[in-house]
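First up is the structure itself, then whatever we jot down about it.
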Amino acid sequence: MGESLAGPAMNAIINTFVLCYAALFPIVNPIGSAPLFLGLTQFASEKVRNALALRVAINSFFLLLGSLFMGSHVLEFFGISLPVVRIGGGLVVTAFGWKLLNSDSRPDGDHAAEGSPATVPDTFYPLTMPLTVGPGSISVAMTLGSQRPKNADLSTLAQFGCGAIAGIAAIVLAVYLCYRFAEATVAALGKSGTNVVVRLSAFIMLCIGIEIIWSGWKELGIPIH
């Protein structure tokens with residue numbers, strides 16, 4: 001009897017894992033965010049950058065997990081809809097992308113030459129949010145959480161929870177690895193090439209922010225005259 005139930009239970013966990021991973025990975029996009037992470041931490045030592053990468057991964061795990069399991073309840077409590085979250089979050093991403101795009105910092109050593117202390121960005125803002133886990137990721141996690149079985153027994157909820165946690169853990173592992181080895185990945189580009197990649201990534205982030213705002217606006221059904 002136990003073995004007959006093990007198969008469906010494992011299939012349910014795997015299906016939830018694949019669903020969460022496939023839905024969130026393209027939005028989180030750790031590979032595309034790695035150059036931006038490197039640009040924001042360019043004045044930090046390798047040891048500090050590695051510690052930041054680990055902390056960002058941990059923060060991302062709990063932020064995605066909280067969004068998946070509690071996000072829909074929080075929105076319902078405050079009477080906030082997902083389209084409004086997308087618009088508000090899109091504004092944050094747009095502002096952040098614009099700030100990076102117009103940043104005067106250059107990876108050419110001028111900062112260190114001035115003798116001023118190196119500035120290490122905060123691990124939560126902006127490295128975790130919105131750089132790694134932005135409004136798009138949060139809204140997708142909330143949507144996935146709202147699709148969990150309703151009025152199900154404890155076993156079914158446990159299967160969903162295990163699959164979802166495993167999927168999020170796999171994503172944050174990819175985040176850590178991409179950020180941890182970001183410097184080695186873009187080393188071949190050189191300082192000028194890295195600066196180009198950072199600016200280009202910032203412009204893409206700006207466009208993504210505008211796209212998120214537009215999608216939220218369309219979902220609200222507000223006509224544009």
Checklist entry - All but one of (1) touching a Phe, Trp or Tyr at 6+ places or on another chain (Cβ under 9 Å); (2) modelled with pLDDT under 95; (3) more than 19 Å from Leu157 (Cβ to Cβ) hold for Leu54; which doesn't? => result (2)
Checklist entry - Can you tell me which residues in segment 10-64 are more than 15 Å from the chain's Cα centre (by Cα) and aromatic (Phe, Trp, Tyr)? => result Phe17, Phe43
Checklist entry - If we scan segment 93-106, do we find a residue that is at pLDDT below 80, out of contact with any Lys or Arg (no Cβ under 7 Å at 6 or more places or on another chain) and among the aliphatic types (A, V, I, L, M)? => result yes
Checklist entry - Residues in segment 49-69 that are within 15 Å of Met129 (Cβ to Cβ) and either outside any helix (DSSP H, G or I) or of a type outside the set (A, V, I, L, M) (or both): how many? => result 7
Next on the checklist: Condition first: of a type in the set (Lys, Arg) and either more than 26 Å from Val172 (Cβ to Cβ) or modelled with pLDDT of 85 or more (or both). Can you find one or more residues in segment 77-86 that meet it?
Outcome noted: no
Checklist outcome for this item: Residue set Phe43, Phe25; condition modelled with pLDDT under 90 and in a loop (DSSP other than H, G, I, E, B); output residue Phe43
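So how many residues does segment 149-169 have that are outside any helix (DSSP H, G or I) and either in contact with a helix residue (DSSP H, G or I) (Cβ under 9 Å, 6 or more places away or on another chain) or at pLDDT 85 or above (or both)?
2
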Item to check | Search result, residues across segment 31-67 that are aromatic (Phe, Trp, Tyr), surrounded by 15 or more Cβ atoms within 10 Å (Cβ to Cβ) and either over 25 Å from Trp98 (Cβ atoms) or free of Cβ contacts under 8 Å to residues at least 40 places away in the same chain (or both) | outcome: Phe61
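The values are calculated or read from the model by the stated rules, or taken from the named source; none is laboratory data. Quick caveat: nothing in here was measured; it's all calculated off a predicted structure. Glycine also receives a Cβ, built like all others from the backbone with ideal geometry; neighbour counts cover every protein chain displayed.
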